[in-house]
Amino acid sequence: MEKFDVIVIGGGHAGCEAAYASAKLGCRTAMLIPNISTIAKMSCNPAIGGPGKSQIVREIDALGGLMAAVIDQSGIQFRTLNASKGPAVRANRAQADTKVYEYVMRNILDKTENLKIIEAEAHEIEADNGKVKGIVLNNGNKLKASCVIVSTGTFLNGLLHTGMEQTPGGRAGDAPSTKLSSSLKKLGVKLSRLKTGTPPRLDKNSIDYSALKPQKGDSPPQPFSYFTEKLERPEELCHLTWTNERTHEVIKNSLHRSPLFSGVIEGVGPRYCPSIEDKVVRFPEKSSHHIFLEPVSLDSPEVYPNGISTSLPADVQLDFIRTVEGLEKAEIIKPGYAVEYDFAQPTQIYPTLETKKVGGLFFAGQINGTSGYEEAAGQGLLAGINAARKVKEKEPLTLHRSKSYIGVMIDDLTTLGTQEPYRMFTSRAEHRLVMRQDNADTRLCETGLRIGLLPEPKYLAYKKKQEKINLLVKNLNRKMIAPNKETIAVLREHNMPKINDPVSVAQYLRRPDVTIEKNRIFGDLSEFSDEVILRAEIEIKYEGYIKRQEKWIKELEGIENIPIATGINYSGISGLSTELAQKLTAIKPMTFGQASRISGITPAALSILMVHLKTKKQKNA
Amino acid sequence: MKLDDTIAAIATPIGEGGLGVIRLSGQNSLEIIQKAFTPKSKLKSDSLKSHRLYFGKLKDKTGTIDEVCVVYMKAPRSYTKENSAEVSCHGSPAVLRRALKCLITNGARMAEPGEFTKRAFLNGRIDLSQAEGVIDLIKARSEGAADAAFKLMEGGLSSRINVVKEKLVHTLAQLEASIDFPDEEFQTETDEQLIKHLDKATDRMNSLLRSYESGKFLKHGMGLAIIGKPNVGKSSLLNALIEEERSIVTGHPGTTRDLIRAETELAGLPVELIDTAGLHCSPEEVEAIGIERALKAAKSADAVIALFDASREWDEADEQVLETLKKAKIPIAVINKTDMTHKLNWPDASIIPLPLSVKERVGIDGLLESIKTVVSDAGNISQEEPVVTRTRHLEIFKRIASDIQRAKDEMAIGRELSAAGVWDALEEIKRFTGESYTDEILSKIFDEFCIGK
């Protein structure tokens, strides 16, 4: 029987990061995937990033993960969202050449030491005494491992719906994992159902682009990874078109054939990503919805029409699509469908992503109720790190919600659970102005180095840049300008706002109508890169807000980080209601801060818990 | 602090009274009370029934302590949500102390200050602002203050703040939507519309903040200084207003040398009347100190009553009194001794003095009426409006108001900055209701509780 330290089930966006991290941290790792040609497949939209998500991608990068570097090598259009808003909420988004993305990822994994990719399906997870022992494959072979990471995406008991037709499957063309689902249930994991959907793929050659509005990316494009020097790929265009009243008529007339509206689908779908039939029914006053036509790959005729995910029957899909401008003669390569799948309510896992039921069993990605490649990758990375740390008998890594979006996501999931596919939004983070996409390196490179995933040369590059930023901030704080003739002339020459009193350049820069420019006012900037200049500007402009949020974080920290033993007997704490005791027992919060965020928990219950923790501490002391 | 033991304390004020009450709370309340209490009529069951009043004797080893009434309240239907009992004894301090000792011998522990309410809070019976209401209710110095405290206990302030919270949540949702869904087609409300919502929240906050001024009067009372030259009848007036001989009255000018304070209640507000030394121009040393204090009292008082003598001519001292009066926040001019021959020439048409005779009891009611008007205007006691009485709340509300202001100011600079202001305001609201847990707030509050509640 072959022995591994860590086995990763699944080779999607969570599985890839998990397998890479585990192997890089020195664990003999196996990655199982039923079809080896589907590694890192983008099953839905061909894009990475967006608000909240791009922050996660850059956090993965700072910790030493892969996603940012891979999209930089495979991106065919890069855009900054919220460019008109402040830097705290700006977000990168890139269109991927999905085939290149898969290829680049596969290449990195193939070259990763300690990692073996096995084309096989896991049928059973074996455990003994509440601890993982290994897995059984579809061919009956057994693999041994002390840690197993399940990152099966939509494959667990997956069921595809197109109209009233149902096909078992994890994705169009791929069989579901049914046996694994039963095995998890046998281990005591409680499974529920979620739903998601995808639009039909259209044939590029059947689309009339002449009437459509093209969409370009940024020039110059901004990379995701801190360590990407230059983006190489030529840009591709996306196109914009709209549904119209005829489209909506076709859809309305076919609702009786929709599995969503006839009650066939039981799983809950995401509110933020409704199907086109959902939009038409819920917003009858809107006579049109936009559709982004996004190329899937230069090597493929497929086009992804973003905005019209659907589970209507294939013939209806073709009918309504052909009512849309530019798509009058469109051919469908693959019809859209909805997929229902099993997930495990994430209150069943610790913030380390290890399950509470079975030691050494980790969950990452859609099995935890999330949606999105970035969310999956963030969890995969943490699961891989923690599985490896468990093998090496090191303290697990948990990321705090005041430090990272990954921390926010995992704290939300493990504390509150989720009722719909969980997607990251910037509004989920209470410390948004501190946790920006520009400073993920400042927040996490230190951690990346400490756990051993971020290579030292990359860390040193970060450190050097950070020193430059700090230096520039210091310079701008020190440099004074006075309303003398010379300064007034320079300000006028560059069309910059006047000053009436002597101020430091930093103070001047804090004015909303001033931005940093390469002129004499801001001193010699020649030794600073554009990124360093921008980040110094952000630091200065946001200083007041950052300080205020940091004060909040500090104030809470004292209480926030009080550890709670997972073995605590909540029903034995007098004064705690049975209901809350049960809740605490189920969630097993690791810190007082996490306990305080459990839904339904009262300040009174927290006081009781605090009293209990304090008296216990006194007794032990 | 432990929650699993049973606590006991004397719940009524120390001193002689008709009745004195001892309360017990905790798991073993019933056992403890049954060890010491023998009901007069035989019980139908083994133990006392919940929420029934029993008459009988409370006994310790040496014999009967007192004839008492006992009520047992089974959890969770009690103030603390724990098993509780109350023993009504006769109100002698000696009896109460002996009864308490007896209960402690039987297994209860002396309650810490505020522990009953602390338990009520910890057991989820009341929220933080309600707990604060209880403290205020216990310490209430007047009917109006009791009313405000009761409203706080009932959650009146919380419901006001909830209106603000709704406005903030609505605004935040709009702000967040435009940040998180930049590629969507929908339109969020315009900056101007959002600022309008925030303006409404500001209005609410301002009215709450304004109510602190009246809230301060409700809680701490209103100070009313009586000034005038010597022997004009200040002390007599004070005595007449409070209907008791508080200030010593003689025919000698300058009898009152130090400040004399007397508390009373007018128009539902606690009022502190301050009698002062007479003001005149050539005082000896002790008098000079008294005069200095009088002027200081007049300066810090919420209202000043200046007394003038109808039977004497206007002089320099009167002039000084009038000047002092004019500087008062609320001035009331009074001419006393209208029963005697009128010699006073009132010099200032801008102030209309109230004529009265303390000696003959003429015009006192008129003065009382105008004081009441002044007091209730200041207290602005409306039956509906809950008022802010605590500095903790004032501080939080001020911060909320300034966070909202920031959100408005920064709307134009960036919605994410505006959102940060709204977010901060919402966090402060959580602090007010106790939704956001901080240890320090709790200990601070419970330090204020007096024993027994």
Among the residues of segment A:494-509, which ones are exposed (fewer than 15 other Cβ atoms within 10 Å of the Cβ) and not polar (S, T, N, Q)?
-> A:HIS494, A:PRO497, A:LYS498, A:ASP501, A:PRO502
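Determine whether segment A:441-448 contains at least one residue that is assigned to a loop (DSSP other than H, G, I, E, B), assigned by TED's automatic domain parsing to the domain that holds A:ALA344 and touching an Asp or Glu at 6+ places or on another chain (Cβ under 6 Å).
The initial filter retains those residues of segment A:441-448 that are assigned to a loop (DSSP other than H, G, I, E, B), namely none.
No, segment A:441-448 contains no residue that is assigned to a loop (DSSP other than H, G, I, E, B), assigned by TED's automatic domain parsing to the domain that holds A:ALA344 and touching an Asp or Glu at 6+ places or on another chain (Cβ under 6 Å).
So, A:GLU420, is that one within 30 Å of B:ILE179 (Cβ to Cβ), surrounded by 24 or more Cβ atoms within 10 Å (Cβ to Cβ), of a type in the set (D, E, K, R) and in contact (Cβ under 8 Å) with a residue 40 or more places away in the chain or not? Before the answer, list the steps.
Working: within 30 Å of B:ILE179 (Cβ to Cβ): yes; surrounded by 24 or more Cβ atoms within 10 Å (Cβ to Cβ): no; of a type in the set (D, E, K, R): yes; in contact (Cβ under 8 Å) with a residue 40 or more places away in the chain: yes.
Judged against the criteria, A:GLU420 is not a match.
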Kindly list the number of the only condition in (1) within 14 Å of chain B (Cβ to nearest Cβ); (2) free of Cβ contacts under 8 Å to residues at least 60 places away in the same chain that fails for A:ALA565.
-> (1)
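Among the residues of segment B:153-195, which ones are at pLDDT below 65 and crowded, with 18+ Cβ neighbours inside 10 Å?
B:MET153
Counting just the residues of segment A:43-66 that are assigned to a loop (DSSP other than H, G, I, E, B) and more than 14 Å from chain B (Cβ to nearest Cβ), which one comes out surrounded by the most Cβ atoms within 10 Å (Cβ to Cβ)? Before you say what the answer is, go through the steps one by one.
Of all residues in segment A:43-66, those assigned to a loop (DSSP other than H, G, I, E, B) come to A:43-46, A:50-52, A:64-66.
Next cut, more than 14 Å from chain B (Cβ to nearest Cβ) only: A:43-44, A:46, A:64-66.
Numbers: A:SER43: 18, A:CYS44: 20, A:PRO46: 24, A:GLY64: 25, A:GLY65: 31, A:LEU66: 25.
The extreme case among them is A:GLY65.
To keep it simple, each residue is scored yes or no on (1) touching a Gly at 6+ places or on another chain (Cβ under 6 Å); (2) exposed (fewer than 15 other Cβ atoms within 10 Å of the Cβ); (3) modelled with pLDDT under 90; (4) over 16 Å from B:ALA225 (Cβ atoms).
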residue: B:VAL304; (1), (2), (3), (4): no, no, no, no
residue: B:SER311; (1), (2), (3), (4): no, no, no, yes
residue: B:TRP314; (1), (2), (3), (4): no, no, no, yes
residue: B:ASP318; (1), (2), (3), (4): no, no, no, yes
residue: B:LYS327; (1), (2), (3), (4): no, yes, yes, no
residue: B:HIS342; (1), (2), (3), (4): no, yes, yes, yes
residue: B:PRO347; (1), (2), (3), (4): no, yes, yes, yes
So which of A:ALA30, A:ALA69, A:ALA40 ends up being in a helix (DSSP H, G or I) and at pLDDT 95 or above?
-> A:ALA69
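Scan segment A:224-236 for residues that are in contact (Cβ under 8 Å) with a residue 40 or more places away in the chain and either surrounded by fewer than 17 Cβ atoms within 10 Å (Cβ to Cβ) or touching a Gly at 6+ places or on another chain (Cβ under 8 Å) (or both) and report the count.
Residues that pass the stated criteria total 7.
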Going by the conditions given, is A:ALA69 surrounded by fewer than 24 Cβ atoms within 10 Å (Cβ to Cβ), touching a residue at least 40 places away in the same chain (Cβ under 8 Å) and more than 14 Å from chain B (Cβ to nearest Cβ)?
-> yes
Can you name the condition, by its number, that B:PRO270 falls short on among (1) at pLDDT 85 or above; (2) of a type outside the set (S, T, N, Q); (3) within 24 Å of the chain's Cα centre (by Cα); (4) not in a helix (DSSP H, G or I)?
-> (1)
Restricting the search to segment A:72-92, which residues are part of a strand (DSSP E or B) and within 9 Å of chain B (Cβ to nearest Cβ)?
-> A:LEU81, A:ALA91
Among the numbered criteria (1) more than 11 Å from every other protein chain (Cβ to nearest Cβ); (2) in contact (Cβ under 8 Å) with a residue 40 or more places away in the chain; (3) crowded, with 17+ Cβ neighbours inside 10 Å, which single criterion is violated by A:TYR545?
-> (1)
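Filter segment A:548-558 down to residues that are at the interface with chain B (Cβ under 10 Å from one of its Cβ atoms) and within 17 Å of B:GLU428 (Cα to Cα) and give me whichever is surrounded by the fewest Cβ atoms within 10 Å (Cβ to Cβ). Spell out how you get there, then give the answer.
Here is the first cut: in segment A:548-558, the ones at the interface with chain B (Cβ under 10 Å from one of its Cβ atoms) are A:548-549, A:552, A:555-556, A:558.
Now restrict to residues that are within 17 Å of B:GLU428 (Cα to Cα): A:548-549, A:552, A:555-556.
Working: A:ARG548: 18, A:GLN549: 21, A:TRP552: 17, A:GLU555: 12, A:LEU556: 18.
Looking at residues that are at the interface with chain B (Cβ under 10 Å from one of its Cβ atoms) and within 17 Å of B:GLU428 (Cα to Cα), I get A:GLU555.
Please pick out the residue among B:ALA317, B:ALA349, B:ALA288 that is farther than 25 Å from B:GLY221 by Cβ and in contact with a His (Cβ under 8 Å, 6 or more places away or on another chain). Break it down into steps so the answer makes sense when it comes.
Details: B:ALA349 fails: in contact with a His (Cβ under 8 Å, 6 or more places away or on another chain); B:ALA288 fails: in contact with a His (Cβ under 8 Å, 6 or more places away or on another chain).
Just a single option satisfies the conditions, and that option is B:ALA317.
What about A:THR370, is it under 26 Å from A:GLN549 (Cβ atoms) and in contact with a Phe, Trp or Tyr (Cβ under 7 Å, 6 or more places away or on another chain)? Lay out the reasoning, then the answer.
Values: under 26 Å from A:GLN549 (Cβ atoms): yes; in contact with a Phe, Trp or Tyr (Cβ under 7 Å, 6 or more places away or on another chain): yes.
So A:THR370 passes the test.
Just a yes or no: is a residue in segment A:277-287 assigned to a loop (DSSP other than H, G, I, E, B) and polar (S, T, N, Q)? So that I can check it myself, show each step before the final result.
Taking segment A:277-287 and keeping what is assigned to a loop (DSSP other than H, G, I, E, B), we get A:283-287.
In the following step, the residues that additionally are polar (S, T, N, Q) were identified as A:287.
Checked segment A:277-287: at least one residue is assigned to a loop (DSSP other than H, G, I, E, B) and polar (S, T, N, Q).
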Report yes if some residue within segment A:285-302 is free of Cβ contacts under 8 Å to residues at least 12 places away in the same chain and either touching a helix residue (DSSP H, G or I) at 6+ places or on another chain (Cβ under 6 Å) or more than 18 Å from A:THR323 (Cα to Cα) (or both); otherwise report no.
-> yes
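Being in a strand (DSSP E or B), of a type in the set (D, E, K, R) and in contact (Cβ under 8 Å) with a residue 60 or more places away in the chain narrows it down to one of A:ASP342, A:ASP319, so name that one. Spell out how you get there, then give the answer.
Details: A:ASP319 fails: in a strand (DSSP E or B).
Exactly one of A:ASP342, A:ASP319 is in a strand (DSSP E or B), of a type in the set (D, E, K, R) and in contact (Cβ under 8 Å) with a residue 60 or more places away in the chain, namely A:ASP342.
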Inspect segment B:103-121 for any residue being of a type in the set (Lys, Arg), surrounded by 16 or more Cβ atoms within 10 Å (Cβ to Cβ) and touching a residue at least 24 places away in the same chain (Cβ under 8 Å) and give the result as yes or no.
-> yes
Looking at segment A:542-566, which of its residues are in a helix (DSSP H, G or I) and either under 25 Å from the mean Cα position of the chain (by Cα) or modelled with pLDDT of 90 or more (or both)?
-> A:ILE546, A:GLN549, A:GLU550, A:ILE553, A:GLU560
For B:GLY56, work out the one condition from (1) more than 14 Å from every other protein chain (Cβ to nearest Cβ); (2) out of contact with any strand residue (DSSP E or B) (no Cβ under 9 Å at 6 or more places or on another chain) it doesn't fulfil.
-> (2)
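At least 1 residues that are more than 24 Å from the chain's Cα centre (by Cα) and in contact (Cβ under 8 Å) with a residue 40 or more places away in the chain in each: list the strands (runs of 3 or more DSSP E) lying fully within segment A:107-218 that qualify.
Numbers: elements: A:115-119, A:122-128, A:131-137, A:142-144, A:147-150, A:159-162, A:165-168, A:191-198, A:201-203, A:213-215.
In segment A:107-218, A:115-119, A:122-128, A:131-137, A:142-144, A:159-162, A:165-168, A:201-203, A:213-215 are the strands (runs of 3 or more DSSP E) which contain 1 or more residues that are more than 24 Å from the chain's Cα centre (by Cα) and in contact (Cβ under 8 Å) with a residue 40 or more places away in the chain.
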Residue list for segment B:322-365, filter: β-branched (Val, Ile, Thr) and not in a loop (DSSP other than H, G, I, E, B) = B:THR324, B:ILE332, B:VAL334, B:ILE335, B:VAL362, B:ILE364
With a cut-off of at least 1 residues that are closer than 30 Å to A:HIS612 by Cβ and modelled with pLDDT of 85 or more, name the strands (runs of 3 or more DSSP E) lying wholly within segment B:1-81.
-> B:7-10, B:17-25, B:63-73
Select from segment A:569-609 the residues that are touching a residue at least 12 places away in the same chain (Cβ under 8 Å) and β-branched (Val, Ile, Thr) and list them in ascending order.
-> A:ILE573, A:THR585, A:ILE587, A:THR591, A:ILE598, A:ILE601, A:THR602, A:ILE608
Starting from residues that are touching a Ser or Thr at 6+ places or on another chain (Cβ under 8 Å) and at pLDDT 85 or above, keep the ones in segment B:420-446 and report whichever is nearest to the other protein chains (Cβ to nearest Cβ).
-> B:GLU427
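The values are calculated or read from the model by the stated rules, or taken from the named source; none is laboratory data. What you see is a predicted model; the values in this text were computed from it and never measured. When we count neighbours, we look across all protein chains shown, and the Cβ atoms used for this are built from the backbone with ideal geometry, even at glycine.
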